[in-house]
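Undergrad: Below is the structure I would like to discuss, written out as structure tokens.
Read-outs: derived from the displayed coordinates by stated rules, not from any lab. This is a predicted model, so every value here is computed, not measured. Note that we place each Cβ from the backbone using ideal geometry, even for glycine, and neighbour counts take in every protein chain shown.
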Amino acid sequence: MMRALTLHHRSSSTRTIHHRTLTDTSTRPPHPRRNEPSLSRLGYSGVMEAWEHIEALAARISAEFPDAVFIGGVAVYYHAQHLGPAFAETSHDADFCLSIAGKAEMRDRYEMVRNERLGKDSLILEGEDLDVYVEHQNRLAVPYAAIRGYAQEIKGVRVAALEHLLALKLDAAIDRQGTAKGDKDLRDLIRITALLASPRRELVEPYLSDERLHVLRLIERRAALYTDMGFNAHQASRVQRTVSDNIAVIGAFRNAHEPIDGF
């Protein structure tokens, strides 16, 4: 049975995989990431100021470039923000997908740098370095045409569908396990999965590898992730049940899967 998530708060605020497995790192402290902002370095006001700048840039890019679709933490935030502060975790960077024609137009206006090794471009805008994944020039599991075709606009920002964000975040979590970013990927996966009460099979099934399904089951088991998000015990239990129910629906789209070493 699919479970829809409803939480009540007094206030609200705001690749394809190459045979690598994600292990349970609940007892391992995350490795520090170079140049990664944090509350301890910037302070709460500094973090929120940085986030408001990211939001403004996301809205600007969405307005100027109709082919741009945000993915990653920015997209998860816009999908989940209405559920309250535990779901509305800000991001210190922004990633978006873009058509080839959109890239040509963007290069005419702004500074862009190509990173062939990582399969992405960088947009330098107002002091921010944004990652750009260009059509046919990236290694994302979900093709640009699918991402653009099912994108939606939320508060002036164009974002990928939850089903596509699920596949992309699963790959990110596998790539970045054991890091601060990897831990946020797992929290974002909880947010995405909790919101996927009625996943569209045609958007989910093409990306349901055994490895991705096992990462989903990892977030079912790690109770500490839910309390780390700021839920009280009752809320954590409810969200965990919702996630478990929705993962069962998603998993049913794939008939069989075998355990993978490392889980």
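Undergrad: Check cross-link reach from K169 to the aspartates and glutamates: straight Cα distance under 13 Å, and skip same-chain residues fewer than eight apart.
TA: D95, D183, D185, D188, E211
Undergrad: So if we plug the beta-carbon distance of R139 and H234 into 1/(1 + (r/R0)^6) with R0 = 51 Å, what FRET efficiency do we get, rounded to 0.05?
TA: For R0 = 51 Å, the calculated efficiency reads 0.80.
Undergrad: Multiply the residue separation of R201 and R254 by 0.36 nm, subtract the distance between their alpha-carbon atoms, and state the gained length in nm to one decimal.
TA: 18.1 nm
Undergrad: Note the full-extension length gain between E105 and R60 as 0.36 nm times their separation in residues minus their Cα-Cα distance, in nm to one decimal.
TA: Taking 0.36 nm per residue and subtracting the Cα distance, the gain is 14.7 nm.
Undergrad: Rank the residues H79, H164, H214 as a footprinting-exposure proxy: fewest other Cβ atoms within 10 Å of their Cβ go first.
TA: Arranged by neighbour count, lowest to highest, H79, H164, H214 become H214, H79, H164.
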